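Structure, as structure tokens:
The values are calculated or read from the model by the stated rules, or taken from the named source; none is laboratory data. Bear in mind the structure is a predicted one, so any value in this text is a computation, not a measurement. All Cβ positions, even for glycine, are placed from backbone atoms using ideal geometry, and neighbour counts span all protein chains on display. Each accessible area value is taken on the protein alone, full model and side chains, heavy atoms only, with ligands, DNA and RNA left out. Shrake-Rupley method; radii C 1.70, N 1.55, O 1.52, S 1.80 Å.
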Amino acid sequence: MVKEHKCTLCGRSERDVQLFAGEHGFVCVECIEQAHGILKELGLSAEGGAAAGRKGRAALADKRALESLPKPNEMKAYLDQYVIGQDEAKKHLIVAVYNHYKRLAQYQVKGGKKQQADDVEIEKSNVIMVGTTGTGKTLMARTIAKLLSVPFCIVDATVFTQAGYVGEDVESILSRLLQAADGDVEKAQKGIVFIDEIDKIARKNDNPSITRDVSGEGVQQSLLKLLEGSLVNVPPQGGRKHPEQKFIQVDTHDILFICGGAFDGIEKKIAQRMNTHVVGYNSVSQQFRVDPNDLLQYIEPSDLKSFGLIPEIIGRLPVLTALRPLDREALMSILTEPKNAITKQYVRLLEMDGIKLTFTQDALDFIVDKAVQYKLGARGLRGITENIMTDVMFEAPEGKVKELVIDKAFAEAHYTDLRFGA
């Protein structure tokens, strides 16, 4: 006996109505017409209904992501495993990131459009981090993106020029984010972009009419629409735009931008604002309260404006935080404690060659002293250690030595100042 098929929705049999087979059942013509009529009443096309479904799933995914989002203290504990110190900067960054993803989770879908769940509209909090080289700006941003498992890209602001000039358009930032998201636009629109060397696009002179500043103020103006949020046409393969090229439309409203820069010389602007070198009783008493070795902790948006950032871009980077200079104690901790500590990396590398490597305390002191001398931060530690270990890494694969101790005498004998121009 042949089984009679029925509509999965209404139960009509194939004797009464024409059926269309689906993956898990059948649907009749009358149910299809009724569904089409409902879509027309709601003012939606079939494509619009599908889009509404996708947006509904995206909003649900945002809410589920919020439930699984680590709490700020959990993010801090994770960052502490990789970045030593900088507690104040970590707090600013973590709060901005946590609030950003709470903002994404408040959406709901009405009529196929993604809307705020209530009348309160939460603005995104882009971040700008100021700190000397090697203090951990890039590492902090990369580590928190790794924790959240979101698309993340690092771009260098120095390669950008105003549209029409030799260099890259600012839209290429989004091309790199799309590549990090494997081409998934929805996923990329919830990602994090770290713009490094933001200080290198500062206005070159106080009078913008003297010459066209195509790699300074011009780039800042081009970045405004990206930072605030807009629909941007992005070349899928990056590079310059041209009329024959197909574009992908990316909405930057939900992309978090983190900017970082050394702002070399901004301490003078801060000192000038705080009047730390003026004669008088008030200035003398103030000098006791101000730490002249760490003026960055007193940074304000007005100092960024004095340095050369335009007010419009400062306003779109509301979270301003400074990273403290690394003292000797912090450098020693960076050298030995984090999961990615430099000494642990070399111990592991030589372990793969069957060699047990040990650093003595006086050797570590020697490396840290050199890093303090050259003022290169954590990157200086890596360069100095690499300098000392080059001969060892060259000879290790021969297998003549099974155990190696790096002490101060060994470090001094194998270190050359020529690498750092001293």
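Selection of region 391-414 for residues being open to solvent by less than 70 Å² (accessible area, probe 1.4 Å) and at pLDDT 90 or above yields LEU404, ILE406, ASP407, ALA409, PHE410, ALA411.
Return the total of residues in region 375-390 being open to solvent by less than 90 Å² (accessible area, probe 1.4 Å) and modelled with pLDDT of 85 or more. Working first, answer last.
Taking region 375-390 as the starting set, the residues that turn out to be open to solvent by less than 90 Å² (accessible area, probe 1.4 Å) are 376-378, 380-381, 383-390.
Right, trim to modelled with pLDDT of 85 or more and you get 378, 380-381, 383-390.
Going through region 375-390 one residue at a time, the tally reaches 11.
Restricting attention to region 338-368, which residues are in a loop (DSSP other than H, G, I, E, B) and either open to solvent by less than 30 Å² (accessible area, probe 1.4 Å) or charged (D, E, K, R) (or both)? First the steps, then the outcome.
Let us first name the residues in region 338-368 that are in a loop (DSSP other than H, G, I, E, B), namely 338-341, 352-355, 360.
PRO338, LYS339, ALA341, ASP353, ILE355 - these are the residues of region 338-368 that are in a loop (DSSP other than H, G, I, E, B) and either open to solvent by less than 30 Å² (accessible area, probe 1.4 Å) or charged (D, E, K, R) (or both).
In region 298-313, of all residues being part of a helix (DSSP H, G or I) and free of Cβ contacts under 8 Å to residues at least 60 places away in the same chain, the one that is surrounded by the most Cβ atoms within 10 Å (Cβ to Cβ) corresponds to ASP303.
The residues in region 81-106 that are at positive phi and either open to solvent by 70 Å² or more (accessible area, probe 1.4 Å) or of a type in the set (Gly, Ala, Ser) (or both) can be counted, and the count is 1.
Among the residues of region 103-140, the ones that are at pLDDT 70 or above and part of a strand (DSSP E or B) come to 4 in all. In a residue-by-residue description of region 184-196, the property of being in a loop (DSSP other than H, G, I, E, B), at pLDDT below 75, open to solvent by 30 Å² or more (accessible area, probe 1.4 Å) and more than 20 Å from PHE263 (Cβ to Cβ) applies to no position.
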